[in-house]
1. I need every pair where a residue in the range 136-149 that is assigned to a loop (DSSP other than H, G, I, E, B) has its Cβ under 7 Å from the Cβ of a residue that is charged (D, E, K, R) and surrounded by fewer than 20 Cβ atoms within 10 Å (Cβ to Cβ), sequence separation at least 6 or different chains.
2. Being modelled with pLDDT under 95 and more than 13 Å from the ligand (Cβ to nearest atom) is the filter here; which residues of the range 143-162 pass it?
3. What strands (runs of 3 or more DSSP E) lie completely within the range 1-109 and have 3 or more residues being at pLDDT 95 or above, crowded, with 24+ Cβ neighbours inside 10 Å and among the basic types (Lys, Arg)?
4. Would you check if there is a residue in the range 112-124 being buried (at least 18 other Cβ atoms within 10 Å of the Cβ), within 14 Å of the ligand (Cβ to nearest atom) and on the phi < 0 side of the Ramachandran plot?
5. Could you tell me which of the residues Arg241, Arg237, Arg264 is closer than 17 Å to Gly306 by Cβ and surrounded by fewer than 23 Cβ atoms within 10 Å (Cβ to Cβ)?
6. Strands (runs of 3 or more DSSP E) wholly in the range 152-221 with at least 2 residues that are polar (S, T, N, Q) - which ones?
7. Taking the stated definitions as given, is Ala289 free of Cβ contacts under 8 Å to residues at least 40 places away in the same chain, more than 13 Å from the ligand (Cβ to nearest atom) and assigned to a strand (DSSP E or B)?
8. Among the numbered conditions (1) hydrophobic (A, V, I, L, M, F, W, C); (2) more than 16 Å from the ligand (Cβ to nearest atom); (3) assigned to a loop (DSSP other than H, G, I, E, B), tell me where Phe307 comes up short.
Amino acid sequence: MNTVFAEAPGRVNLLGEHTDYNDGFVLPIAIAQRTRVSMRPNGAGDFTLRAEELGETVRFGFEAPPTAHFASYVYGCLVLARAEGAEIPGLDISVSSDVPMGVGLSSSAALEVATLRCLRELLALRLDDVRIAQLAQRAEIEFAQVRCGIMDQMASSLAATDRALLIDTRTLERRDVPLPAGSTVLVLDSGTPRSLAASGYNQRRAECEAAASGLGKASLRDVGRLDELDVLPDLLRRRARHVFTENARVLQAAGTTDAAAFGRLMNASHASLRDDYEVSTPQLDQLVALLQAHPGVHGARLTGAGFGGACVALCRTGAEQQVANEVLARYAAAGEAGRQLVPAAQRA
Ligand code: GLA
């Protein structure tokens, strides 16, 4: 058998943060950066995995799981594909990626989806793109121990780079949403690691589950009116209020063609993530404030799980590079080191 290749993109979420594990709505868009996976049957019973960017090769088998964290995503995909009935031979696997890691652009979902696509291609598996997203999410939950929702894997598997994808995470129904005319997405890294991301993320998730059960609902998606939340203790009420108002913002944004209105919803999302959901950081707040104050920006917010990582802005098309340069210069003058992630900075 020949070598088979597949790839999958990272994503940036425009609106709908911390809504996916509450059965809510999200609005991600794929980014140009992607992860590429190649596989070649090696005639042996085990696997080698080469991570080009890390310069590491690890060897593992179904009965001897890898210890390296990056390999657990691939291992999880192999185990789950086998559980779907695939007969998987020993493979030499190679991974290379230009998706920025650890900033909230879903490098792990890109790896999972590219791995599953490669297996689909190699073994002619009957997996559609939604099934691939579902298996990728399970790989992340069961093998990388992050209790994530399904947004990242759905976006990597199904979203395009030139329009956003509205996803109802309860039904997985989806629809393309064009960006408002004359607007362009800019993503900047705040330069601060997402150190609390895993513990803080799981804690928020538990708080949402406690809020839903306090309201006697299956999930926070089922909250119909804001005043239903008044019975909750203050902290759970604020968490639930973020989810309720964020779902409304996603649906409003998906229904507007006005860049300024879309931008205002992004600004409101950031305030809600900062004040009600408490997943922002001083650096993210500062970078978002600099973006929001720039005349070339319609709106800006932190993106992804928060606790550090990246911000997304909707810019006037043509202004994005100037926005990036000026905002990053002001951020540097304040003693912080940010960088441009999307559009990928031109190499000198
Ligand atoms: C991470 C998770 C997603 C989602 C976001 C927050 O990216 O993987 O499922 O919950 O955080 O919106």
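The values are calculated or read from the model by the stated rules, or taken from the named source; none is laboratory data. Note that the structure is predicted; figures quoted are calculated from it, not measured. For neighbour counting, all protein chains shown are included, and Cβ atoms are generated from backbone atoms with ideal geometry for every residue, glycine included.
1. Final answer for the pair search is Arg147/Arg205.
2. To start, the set of residues in the range 143-162 that are modelled with pLDDT under 95 comprises 143-148.
Of everything in the range 143-162, just one residue is modelled with pLDDT under 95 and more than 13 Å from the ligand (Cβ to nearest atom), namely Phe143.
3. Working: elements: 4-15, 25-41, 47-51, 56-60, 91-97.
Ranges flagged: none.
4. Yes.
5. Numbers: Arg237 fails: closer than 17 Å to Gly306 by Cβ; Arg264 fails: closer than 17 Å to Gly306 by Cβ.
Selected residue: Arg241, the only one of Arg241, Arg237, Arg264 that is closer than 17 Å to Gly306 by Cβ and surrounded by fewer than 23 Cβ atoms within 10 Å (Cβ to Cβ).
6. On the way: elements: 164-168, 174-177, 183-189.
Fully inside the range 152-221 and qualifying: 183-189.
7. Values: free of Cβ contacts under 8 Å to residues at least 40 places away in the same chain: yes; more than 13 Å from the ligand (Cβ to nearest atom): yes; assigned to a strand (DSSP E or B): no.
Here the answer is no, as Ala289 does not meet what is asked.
8. The number of the failed condition is (2).
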